[in-house]
Structures are given as structure tokens and as C-alpha cells.
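Taking it in order: structure first as C-alpha cells, then the write-up.
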Amino acid sequence: MKVKNILLIGIAILTCIASSQAQNVNIPDAIFKAALLGDTSINTNMDNEIQVSEASVFSGAINVSGLEITNLTGIEAFVLLDSLDCSFNAIDTLNLSTNIALRYLDCSNNTYTYLCGNNDLTGLDVYWYYDDQYGPNDNGSDPSDPNYGLTCFVHSTP
């Protein structure tokens, strides 16, 4: 009986320990992950992972411009992110639909085929595929317009 009780208590303790382990944000791009890990205002416990609990409370700016990043998977965990500069990389897909607090975005000079945002992001100061070849953007609206909201689009080079 004592052995059974000890075994049950041991299993309960292991279950509690396992369930209390932090959930990590999936960040497959090693360069993007290294940039986030090196930022002490994001990686507050200075370990080798970004936990959901760290990402979900971060409300500052992330600047990963010009780092040759190809994938920003994981950015969706930063729901309070205020500013993102991911310009001059090789990103082809960017989904910001969960980044509801975003107020500044520079994602210019990338290789987008898919960009998605949240329609509630009105007033967003956005620089994305604005260039001489395509004009303000393919649907004719002006990203500098304070009522402009970033929406999903699929873009193909003519």
C-alpha cells in the first residue's frame, strides 16, 4: 500500500512538473530566432527559447531589417507588438492577423507572394510593396491614409 501511494504521488508530481513547463513559440528561421533571443526585453529569462508567456506580453518594437530572414513564423505570438521592421530580407509570406496592437510596419524590399493583416489595424503606418513598379499598392488604396487597414492579398509579379 505504501509503495502504491508513493508511486501515485510520484506520478502526480511528474505530471505537475510536465504541465508547468512553458510552451515555446515555434520560430523555424534560425536568424529570426537568434535576433529575438538576443533581445533581453523579449527573452526575459535569457534561455534558448522564446516562451509564449514572453511573446504575449511584449509590447515594444522588433527590428530585424537586413538580416536575410526568410520566415517570420512565430511573429503571430507577439499580439501586443507595436512596431515591426522586417525590411530588406527574403520573406515571401507574412501573416500579421493576430498582431492587433501593431502601429508601424516596414516590410519593404522582400519577396512577398502573400501578406495578411488584420482589418482592425487602421492607422497603421505601413511600408510594404510600395515602389515605382506597382505604385502605392495593387488595389489603388494609399497605405499612408489613416483609415487604411492592412488586409490579406496575394501578389504575383507581372
The stretch 60-76 residues that are in contact (Cβ under 8 Å) with a residue 40 or more places away in the chain, paired with ones that are in a strand (DSSP E or B) and polar (S, T, N, Q) (beta carbon under 7 Å, 6 or more apart): ALA61/SER83
Residue within the stretch 72-80 that is modelled with pLDDT of 85 or more, of a type in the set (A, V, I, L, M) and in contact with a helix residue (DSSP H, G or I) (Cβ under 7 Å, 6 or more places away or on another chain) present: yes
Single residue of the stretch 83-98 satisfying the filter (surrounded by fewer than 17 Cβ atoms within 10 Å (Cβ to Cβ) and under 11 Å from the mean Cα position of the chain (by Cα)) that is nearest to VAL52 (Cα to Cα): THR98
Qualifying residue in the stretch 43-66 (condition: surrounded by fewer than 17 Cβ atoms within 10 Å (Cβ to Cβ), at positive phi, out of contact with any His (no Cβ under 8 Å at 6 or more places or on another chain) and of a type in the set (Asp, Glu)): no
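The values are calculated or read from the model by the stated rules, or taken from the named source; none is laboratory data. If you're wondering where the values come from, they're calculated on a predicted model, not measured in any experiment. Ideal geometry is used to build each Cβ from the backbone, glycine not excepted, and the neighbour counts take in all protein chains shown.
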